[in-house]
1. Can you work out the Karplus-derived ³J(HN,Hα) for every residue in the stretch 56-71? Use 6.51 cos²θ - 1.76 cosθ + 1.60 with θ = phi - 60°, whole Hz, and x for glycine or proline.
2. Take Met158, Met180, Met63 and order them by how many other Cβ atoms sit within 10 Å, fewest up front.
3. How far apart, in nm, are the 7 Å Cα→Cβ label points at Asp97 and Glu161?
4. Using alpha carbons only, how many angstrom separate the centre of the stretch 64-110 from the centre of the stretch 16-48?
5. For a quick check, take a GNM of the chain with Cα springs below 10 Å and name the residue from Asp35, Asp183, Asp14 with the largest mean-square fluctuation.
6. Under a Cβ-only charge scheme (Lys and Arg +1, Asp and Glu -1), can you give me the dipole magnitude of the chain about the Cα centre, in debye to the nearest 20?
7. Let me know the Rg and Dmax you get for the stretch 34-98 when you use only its Cα atoms, in Å.
8. Give the relative contact order (percent, whole number) for the chain; include only Cα pairs under 8 Å separated by 6+ residues.
Amino acid sequence: MTPYPLPLTPHAVDWGEIDDVLLDMDGTLLDRHFDNFFFEEELPRRYAGLHSLTFEDSRDRLMAMYRSVEGELAWTDLHYWTKRVGIDVVAMHKELDHMIGFLPGAEEFLRHLRQLGKRVTIVTNAHEAGVSVKIAKTGLDRHVDRIVNAFEVGYLKMRPEYWPNCQRLLGFDPARSLFMDDDEGCLIAAKQFGVAHLIHSAKSSSQLPPAPLAQFVSVTGFSTLLNGRPAL
């Protein structure tokens, strides 16, 4: 078994060196179990019923569709998927919103950042329609200064073009910014742009084991980011 990278120590983040905290939404603050279930199980189930397919054939078709636009804005565009699969995926998000929730410790971490006086921005690849459903369910917007979806920036976060556009939009100093995400490609793109403080969220779903990365500091929760304070 490959050993986990060393976790972030309680005082590894010098918050005095950070002005802006850029946080991914799904898989970092919110439990990615909702998204995994939605796109890998429930949508294939409904698509199968619509087209008289087996669940396996339906899921294979949808996975191929997802891969065909991976890395492009269409990948997360709920209106695009509504048209492509013939199912109202925004309505499905609202129907299944009981599955949407914070990862353990996320709200305490956001409160801690408020107490530190940091500017906190959610930077998400998610589509505005899905973000609205998740805000309505969780009240995430009350914890942060701003939520920026990829459609405002013009690219997804794993694209190198994203970061200079996002920097122009928000005015953050990469050398004094921290970015946390569960996606390796997004972290790599941010590193290449020069974001100084990078943290990988290794426990993106409550239903899956941690998946740490070797090249980034990987954490399985927020307790190590609270300067030694234990997580609730």
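Coordinate-derived values only; no laboratory data. Only a predicted model underlies this, so the values are computations on that prediction, with no experimental measurement involved. Note: ideal-geometry Cβ built from the backbone for every residue, glycine included; neighbour counts use all protein chains shown.
1. Here the 3J(HN,Hα) series is 5, 5, 5, 5, 4, 5, 5, 4, 5, 5, 4, 5, 5, 10, 4, x Hz.
2. Least crowded to most crowded, the residues run Met63, Met158, Met180.
3. 3.3 nm
4. The stretch 64-110 and the stretch 16-48 have Cα centres separated by 8 Å.
5. Asp14
6. Taking the Cα centre of the chain as origin, the dipole is about 280 debye.
7. Radius of gyration, then largest Cα-Cα span, for the stretch 34-98: 11.2, 30 Å.
8. 31 percent
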